Each structure stands twice: as structure tokens, then as C-alpha cells.
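Participant: Can you read through this structure? Questions will come right after.
The values are calculated or read from the model by the stated rules, or taken from the named source; none is laboratory data. The shown structure was predicted, so the numbers you read here are calculated from the model rather than taken from an experiment. Ideal geometry is used to build each Cβ from the backbone, glycine not excepted, and the neighbour counts take in all protein chains shown. These accessible areas exclude ligands, DNA and RNA; they are computed on the full protein's heavy atoms, side chains included. Shrake-Rupley method; radii C 1.70, N 1.55, O 1.52, S 1.80 Å.
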Amino acid sequence: MADNNKMSREEAGRKGGEATSKNHNKDFYQDIGQKGGEATSNNHDKEFYQEIGKKGGETTSDNHDKEFYQEIGKKGGEATSDNHDKEFYQEIGKKGGQATSDNHDKEFYQEIGRKGGNSRNDND
């Protein structure tokens, strides 16, 4: 026969969490979060983080549509724009151009030039 005076694990956990939150402030949670992150970092390798990142990305992708990604992209772009100046964009543009140049040959540029020309002609 079950003892109806005992609370479930779920209920006990909820009550414990509420009591803890009443007794501690933001700094406490930041401190334990940092300690947990450092411990996790010390105990796991690059592949661990790649795997959990992949799983998280797949779950997010399964649960959200194109508009979600457009919205978070817009917010991220606005935040970046608010926090950086013209020189920042010049520097990342230079780095991106250099990386593209290092990774592609003359035929690549001829092909994208042809596609760009065709696209322009289609829009005239």
C-alpha cells in the first residue's frame, strides 16, 4: 500500500528549488554555473561539445521554422551593428575576402562572375 503522506520526487525537487532560490542571489547562481562549466570543460573533449552542439542544432531545427531563423538573424545583425563600427566591418570583410581568395581558384571567380552577369541581365 502506498503512503499518501509522502511527496513525489518532482514535488520535493520543486520545493527544494524554490527554497534555494529564496536563499540565494544572482551571484550565487553565476558562481555555481561557472564552476559547473569549468568542471564540464575539464572532463570533456572537443568531440563531446561537437556532439551536443549537433544534437541541439537538430532539435532547434526540428522545432522552429524559417521565420524563427530570420528573426534571430535580424536581432543578431542589429546587435552586432550596434556594437561595432565601420573599421570592424572593413576588417572582417578583408579577412573574409582573403579566406575566399585562399580557398578558390580563377575558375571559381569566373563562374560567380558569369552567374552574377546572368542574374543582372535577367533583372533588366
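Participant: Could you work out how far helix 106-123 tilts from the main Cα principal axis of the chain, as a 0 to 90 degree angle to the nearest 10?
Facilitator: Taking Cα atoms only, the helix is inclined about 90 degrees.
Participant: Give me Rg/Rg_expected for segment 69-124, where Rg uses Cα atoms only and Rg_expected = 2.2 N^0.38 Å with N residues.
Facilitator: Ratio of Cα Rg to 2.2 N^0.38 Å: 1.56.
Participant: Efficiency by 1/(1 + (r/R0)^6): what FRET value for Glu107 and Met7, r their Cβ-Cβ distance, R0 = 41 Å, to the nearest 0.05?
Facilitator: Efficiency for this residue pair is about 0.05.
Participant: If you don't mind, there's one more thing I want to ask. Residues with beta-carbon under 13 Å from that of Lys54, excluding Lys54: net charge, scoring Lys, Arg +1 and Asp, Glu -1? Intermediate results must be reported in sequence, preceding the final value.
Facilitator: Values: positive: Lys46, Lys55; negative: Glu47, Glu51, Glu58, Asp62.
Here the count lands on -2.
Participant: Under a Cβ-Cβ cut-off of 12 Å, what is the net charge of the residues other than Ser81 that fall near it, where Lys and Arg count +1 and Asp and Glu count -1?
Facilitator: Neighbourhood net charge equals 0.
Participant: Still on this structure, please answer the following. Kindly provide the helix-only [θ] at 222 nm of the chain, computed as the sum of -39,500 (n - 2.57) over DSSP H runs of four or more divided by all residues, to the nearest 500 deg cm²/dmol?
Facilitator: Dividing the helical sum by the residues of the chain leaves -28500 deg cm²/dmol.
Participant: Considering only protein heavy atoms, what per residue accessible area in square angstrom results for the chain with a 1.4 angstrom probe?
Facilitator: Using a 1.4 Å probe on heavy atoms only, each residue of the chain averages 90 Å².
Participant: Right, another one. Quick one: compute a quarter of the convex hull surface over the Cα atoms of segment 1-66 and quote it in nm².
Facilitator: 9.0
Participant: Could you work out how far helix 46-63 tilts from the main Cα principal axis of the chain, as a 0 to 90 degree angle to the nearest 10?
Facilitator: Helix 46-63 sits at roughly 90 degrees to that axis.
Participant: While we're here: How tilted is helix 9-23 with respect to the longest principal axis of the chain? Cα atoms for both, answer in degrees (0 to 90, nearest 10).
Facilitator: So the helix axis and the longest Cα principal axis differ by about 80 degrees.
Participant: Divide the volume of the convex hull of the Cα atoms of the chain by its number of residues and quote the answer in cubic angstrom per residue. Intermediate values should be presented prior to the final figure.
Facilitator: Numbers: hull volume 36.9 nm³, N = 124.
Here the figure is 298 Å³ per residue.
Participant: Past the 26 Å Cα-Cα mark, which pairs from Lys66/Lys95; Lys54/Lys74; Lys54/Lys106; Lys15/Lys35; Lys74/Lys94?
Facilitator: On the way: Lys66/Lys95 29 Å; Lys54/Lys74 23 Å; Lys54/Lys106 34 Å; Lys15/Lys35 24 Å; Lys74/Lys94 23 Å.
From the list (Lys66/Lys95; Lys54/Lys74; Lys54/Lys106; Lys15/Lys35; Lys74/Lys94), the Cα-Cα distance tops 26 Å for Lys66/Lys95; Lys54/Lys106.
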